[in-house]
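Single-structure report; data block below.
The values are calculated or read from the model by the stated rules, or taken from the named source; none is laboratory data. Treat the numbers as computed from the prediction; the structure is a model and nothing was measured. Glycine gets a Cβ as well: all are built from the backbone with ideal geometry, and neighbour counts include every protein chain shown. We work out accessible area using only protein heavy atoms, side chains counted, and drop any ligands, DNA or RNA first. Shrake-Rupley method; radii C 1.70, N 1.55, O 1.52, S 1.80 Å.
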Amino acid sequence: MRILRLALRRLAVSLPCMLIILLGLFLLLQLAPGDAIDALMGQMGSSDTALAETLRQQYGLGGGVATRLAVYLFNLLRLDLGFSVAYNQPVLTVILQRLPVTLLLMVSALSFAFAAGMVVGVLAARRVNRWPDTLISMLVLIFYATPSFWIGLMGILIFAVKLNWLPSGGISDLSAGFTGLRLVLDTAVHLILPTMTLALIYFAIYVRITRASMLEVMTLDFIRTARAKGLKEGAVLVRHALRNALLPMVTILGLQAGAMLGGAVVVESVFTLPGLGRLAHEAVIQRDLNMLLGIVFMSSLLVIAINFIVDLVYARIDPRIEANG
Amino acid sequence: MRKSLIDRRSFTLGGATLVLAGAVPQTSFAQETPRRGGVLTVQTYADLRTLNPAMRASFAIHVFTSKMIEPLVDLGVNNEPVPKLATAWESSPDGKTITFKLREGVQWHDGKPFTSADVQFCAMEMWKKFQNYGTLLHRHLTAVDTPDAHTAVFRYAEPMPLGLLLRAACELCYVVPKHVYEGTDLLKNTANLAPIGTGPFKFNSYAPGEHLTLDRNPNYWVPGQPYLDKVIIRVIPDAAAAAAALESKSIQMSFFSSLPRTDIARLAKDRAFRVGTKGNEAYTILNTLGFNTRKKELSDVRVRQAIAYALDIDFYADEFLLGYGKRAQGPIPSTSSFFVPGAAPGYPFDLKKAEALLDEAGYKRGAGGVRFAMRLMPNSSDDIRMFATFIQQSLQKVGIKIDIQTYDSPGYIAHVNRDWDFELATDTNLYRGDPGVGTTIWYQSGVPAGTPWSNQFGWKSDRIDTVIGEALVELDPAKRKAMYGEFAKIANDEIPVLMAIEQVFVSAVAKTVRNDHNTPRWPGTSWADTWIEA
């Protein structure tokens with residue numbers, strides 16, 4: 001019950017926020033020169049104006065801004081995200097096609113960054129100011145400073161073109177026609193490079209945060225108490241120090257879920273993954289307003305959901321925090 | 001052993017049929033025996049939202065659809081129309097009636113027979129009403145009669161030159177099944193994304209932005225063909241990623257110059273690949289520089305000519321295009337059968353002449369050596385933007401200050417084509433085989449505002465309007481060619497738009513692929529005779 005109440009309250013807070021985002025985006029896109037039909041004509045390479053007018057009518061792009069906004073919001077209430085001019089399909093259908101890839105990429109990149117970042121961060125904190133710490137800090141700084149598209153391209157050049165160990169892009173090997181377990185394995189292999197590319201910068205952040213918060217926690221009184229009662233160093237580290245150091249990391253996790261959607265655009269382009277990021281980019285170029293609003297709507301749902309889970313995780317890690325809001 | 005016997009027999013049968021039809025060069029058959037089987041994976045940059053070429057025509061769409069859906073005629077080795085779904089054609093003496101005999105025994109992928117009713121439906125409901133270029137080409141089409149199941153009679157209100165129709169038909173007269181579309185919302189029909197056609201490959205699956213997968217059609221009307229089991233067309237918009245995919249062998253082909261130029265030059269030296277313009281001759285692109293002649297400076301032909309003289313196109317083609325391109329001579333490219341050598345000599349690089357013309361026009365160098373300043377808008381593509389930068393630097397030398405304003409494609413169309421809010425605009429013009437299809441519309445007056453790729457330059461010349469109008473209804477091929485020579489000459493002298501560079505698209509192909517690029521618009525054809533080494 002309590003969880004349900006928390007969920008409802010969260011949603012109530014998020015709804016106005018979502019409305020403002022959608023409204024802002026709708027109006028902002030009105031400022032961009034040209035509309036979806038102009039984009040379509042551009043893609044066709046020719047046209048005449050009568051045809052453009054016919055298409056505008058067919059896709060319901062006539063009428064004023066206010067009318068179209070009202071129609072859009074009314075349809076949204078019925079969970080109808082509208083029809084995409086550029087894709088010639090309902091927006092929801094296209095988004096649901098693309099969502100799994102982005103989710104897979106995000107989840108695997110976040111898990112890798114979180115897990116590896118935690119381990120390496122603890123390692124650095126244990127050997128603070130000695131050579132392992134210096135080495136780790138240096139590497140992490142390099143990862144943090146390197147643009148992800150460059151890492152991606154270099155990864156392709158080394159592991160796909162030169163060594164031929166990993167595929168250069170795509171989500172699975174289409175010509176092999178795998179099914180079942182082989183397909184899962186094939187997809188996993190295809191995801192290695194993109195996941196690493198997307199994860200490295202977040203990995204760097206987690207290492208820094210883990211290291212800093214571990215160092216801070218290790219100076220606190222309860223660690224001295226734990227040591228005084230004769231606990232082994234490992235137990236002190238994992239059960240007492242890390243558990244407390246985890247809190248800021250989990251907070252960052254929630255915040256980064258949103259940022260990662262942005263980073264996915266680059267990674268999806270470099271590795272030609274059919275995900276939401278590339279779809280959003282295309283939607284802007286195609287002036288596909290319905291599609292863009294749909295993506296923003298879905299992304300905000302995603303971020304709200306992740307942050308909700310983060311709140312629940314807080315309560316699990318630290319019982320002092322009640323799940324009451 | 002047994003397999004190879006079957007292969008040889010099927011190849012002979014297929015070869016014989018095609019020789020009769022005159023569609024494929026026999027030399028490629030003489031050397032090697034095609035192998036049945038295999039998967040061909042190719043790359044394209046375009047992410048398409050519809051797979052119906054009867055309603056949407058572009059070279060990007062044809063790469064996807066031409067394997068499934070066939071045109072009435074296609075282009076042969078020597079640029080001549082060869083039979084596909086139509087086997088013979090004939091024009092009445094007044095040019096207003098054109099009769100197509102259709103191929104018999106052709107089946108749609110769903111098993112229903114292909115008939116003249118399908119052609120009639122496509123012509124009247126799709127080509128004439130919705131298709132870009134088709135609405136213009138067929139604007140005088142009044143009816144398509146179907147006296148029997150394999151005859152379609154096109155009736156036009158004005159004379160239609162047979163050559164123009166046939167050349168245009170290769171790209172604009174694709175036939176989709178009437179029984180799938182009739183009585184539905186044509187734009188939203190599900191077959192637009194899961195086509196049913198008559199071609200050598202059948203639709204398997206399409207994931208927009210990802211791939212199109214096609215399976216062999218065992219009932220294709222050429223016995224024994226196609227040779228490939230599967231064709232996979234992968235959408236890779238990022239040029240560097242496409243090059244990596246080709247090199248790591250996850251794709252075997254890339255078209256339409258969609259790799260980085262430096263990679264094209266590098267792959268050309270690699271033994272594992274064939275790189276070149278062969279098989280793309282029908283895809284000639286002209287880089288254009290349009291002048292808004294409504295503006296005071298640009299209304300003076302001397303200023304327009306001076307700008308043309310100030311551009312060292314030869315240098316640009318060598319250094320920036322790495323040799324894949326050359327200075328154009330007028331609006332009709334040298335690859336065209338309508339090209340008349342010497343009719344439109346173009347403007348060789350000559351800075352002195354450019355300066356003299358500008359002085360003569362009354363625009364002396366002022367403070368800082370600047371004569372006047374104006375905006376240049378490039379349409380969105382790396383190639384066009386690179387050319388814009390070159391123009392900017394070139395014109396600086398003759399005292400014209402250029403401010404480049406960059407928009408994405410819809411923004412460009414809104415500024416340049418709809419609002420005419422530009423001074424200089426640079427873009428590309430795809431030459432479509434016959435100047436009447438996509439070239440003259442850049443020069444004739446009376447085109448409504450907002451029509452992309454047309455005369456947005458505010459330029460009007462009675463002479464050119466007359467020639468264009470007469471050539472469009474002239475039935476004698478020799479006279480038509482002479483008229484277009486005259487057209488090219490006027491266009492060259494007056495230059496409302498400078499057709500600066502002609503480029504033929506470049507393909508990069510793994511050498512394991514055979515019988516590819518053997519017709520002038522090969523990427524957009526059926527690939528029925530293409531095969532791949534084991």
**Message:** It is to be established whether one or more residues within segment A:157-179 are modelled with pLDDT under 90, over 30 Å from residue B:263 (Cβ atoms) and away from chain B (no Cβ under 14 Å).
**Reply:** no
**Prompt:** For residue B:352, all conditions in the list (1) surrounded by 14 or more Cβ atoms within 10 Å (Cβ to Cβ); (2) more than 14 Å from chain A (Cβ to nearest Cβ) hold save one; what is the number of the exception?
**Reply:** (1)
**Item:** Answer from B:112, B:128 - the residue that is over 21 Å from residue B:204 (Cα atoms) and either open to solvent by 40 Å² or more (accessible area, probe 1.4 Å) or within 14 Å of chain A (Cβ to nearest Cβ) (or both)
**Value:** B:128
**Message:** Can you pull out every residue in segment B:217-243 that is free of Cβ contacts under 8 Å to residues at least 60 places away in the same chain and not in a loop (DSSP other than H, G, I, E, B)?
**Reply:** B:240, B:241, B:243
**Message:** Among the residues in segment A:248-257, are any of a type in the set (Val, Ile, Thr) and under 14 Å from the mean Cα position of the chain (by Cα)?
**Reply:** yes
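Residue-by-condition table, conditions (1) under 30 Å from residue B:113 (Cβ atoms); (2) within 14 Å of another protein chain (Cβ to nearest Cβ); (3) under 26 Å from the mean Cα position of the chain (by Cα):
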residue: B:229; (1), (2), (3): yes, yes, no
residue: B:234; (1), (2), (3): no, yes, yes
residue: B:268; (1), (2), (3): no, no, yes
residue: B:277; (1), (2), (3): no, no, yes
residue: B:286; (1), (2), (3): no, yes, yes
residue: B:313; (1), (2), (3): no, no, yes
**Prompt:** If you take the residues in segment B:453-466 that are part of a helix (DSSP H, G or I) and open to solvent by 20 Å² or more (accessible area, probe 1.4 Å), which one is nearest to the other protein chains (Cβ to nearest Cβ)?
**Reply:** B:465
**Request:** Mind counting the residues in segment B:204-227 that are more than 7 Å from chain A (Cβ to nearest Cβ) and either under 24 Å from the mean Cα position of the chain (by Cα) or open to solvent by less than 30 Å² (accessible area, probe 1.4 Å) (or both)?
**Result:** 10
**Fill in**
residue A:145 passes all but one of the listed conditions (1) surrounded by fewer than 18 Cβ atoms within 10 Å (Cβ to Cβ); (2) within 14 Å of another protein chain (Cβ to nearest Cβ); the exception is number (2)
**Message:** Can you confirm whether residue B:325 is in contact (Cβ under 8 Å) with a residue 60 or more places away in the chain, more than 22 Å from residue B:458 (Cβ to Cβ) and in the same structural domain as residue B:440 (by TED's automatic domain parsing)?
**Reply:** yes
**Fill in**
residue B:140 vs (1) open to solvent by 10 Å² or more (accessible area, probe 1.4 Å); (2) over 24 Å from the mean Cα position of the chain (by Cα): all pass except (2)
**Complete set of residues in segment A:119-128 that are of a type outside the set (D, E, K, R), in a helix (DSSP H, G or I) and surrounded by fewer than 20 Cβ atoms within 10 Å (Cβ to Cβ)** = A:119, A:122, A:123
**Prompt:** Can you find a residue in segment B:146-159 that is without any contact (Cβ under 8 Å) to a residue 40 or more places away in the chain and buried (at least 16 other Cβ atoms within 10 Å of the Cβ)?
**Reply:** yes
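Let's see how each residue does on (1) free of Cβ contacts under 8 Å to residues at least 12 places away in the same chain; (2) more than 9 Å from every other protein chain (Cβ to nearest Cβ); (3) open to solvent by 30 Å² or more (accessible area, probe 1.4 Å):
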site	(1), (2), (3)
A:252	no, yes, yes
A:274	no, no, no
A:283	no, yes, no
A:290	no, yes, yes
A:293	no, yes, no
**Asked** When you look at residue B:267, is it closer than 18 Å to residue B:348 by Cβ, open to solvent by less than 40 Å² (accessible area, probe 1.4 Å) and touching a residue at least 40 places away in the same chain (Cβ under 8 Å), yes or no?
**Response** no
**Request:** Could you grab me the full set of residues in segment B:247-261 that are under 24 Å from the mean Cα position of the chain (by Cα) and either outside any loop (DSSP other than H, G, I, E, B) or without any contact (Cβ under 8 Å) to a residue 12 or more places away in the chain (or both)?
**Result:** B:253, B:254, B:261
**Prompt:** If you scan segment B:298-311, which residues turn out to be of a type in the set (D, E, K, R), open to solvent by less than 40 Å² (accessible area, probe 1.4 Å) and more than 16 Å from residue B:331 (Cβ to Cβ)?
**Reply:** B:300
**Asked** If residue B:281 passes every condition in (1) within 10 Å of another protein chain (Cβ to nearest Cβ); (2) within 26 Å of the chain's Cα centre (by Cα) but one, which one does it miss?
**Response** (1)
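Listed here are the residues, each with its yes/no results for (1) modelled with pLDDT under 90; (2) under 26 Å from residue B:133 (Cβ atoms).
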{"residue": "B:167", "(1), (2)": "no, yes"}
{"residue": "B:207", "(1), (2)": "yes, no"}
{"residue": "B:240", "(1), (2)": "yes, no"}
{"residue": "B:248", "(1), (2)": "yes, no"}
{"residue": "B:252", "(1), (2)": "no, no"}
**Request:** Scan (1) in contact with a Gly (Cβ under 9 Å, 6 or more places away or on another chain); (2) open to solvent by less than 40 Å² (accessible area, probe 1.4 Å) for the single condition residue B:345 breaks and write down its number.
**Result:** (2)
**Given (1) free of Cβ contacts under 8 Å to residues at least 24 places away in the same chain; (2) closer than 28 Å to residue A:107 by Cα, index of the condition residue A:202 fails** = (1)
**Complete:** Looking across segment B:397-437 at residues that are part of a loop (DSSP other than H, G, I, E, B) and aromatic (Phe, Trp, Tyr), the single one that is most open to solvent (accessible area, probe 1.4 Å) is B:420
**Prompt:** Are there any pairs, at least 6 apart or on different chains, whose C-beta atoms fall under 7 Å, with the first in segment B:481-496 and in the same structural domain as residue B:306 (by TED's automatic domain parsing) and the second surrounded by fewer than 18 Cβ atoms within 10 Å (Cβ to Cβ) and among the aliphatic types (A, V, I, L, M), and if so, which?
**Reply:** B:494/B:301
**Asked** If we scan segment B:362-373, do we find a residue that is open to solvent by 20 Å² or more (accessible area, probe 1.4 Å), outside any helix (DSSP H, G or I), within 16 Å of residue B:301 (Cα to Cα) and in contact (Cβ under 8 Å) with a residue 60 or more places away in the chain?
**Response** yes
**Message:** Can you say whether residue A:186 is surrounded by fewer than 23 Cβ atoms within 10 Å (Cβ to Cβ) and within 13 Å of chain B (Cβ to nearest Cβ), as far as the supplied structure shows?
**Reply:** yes
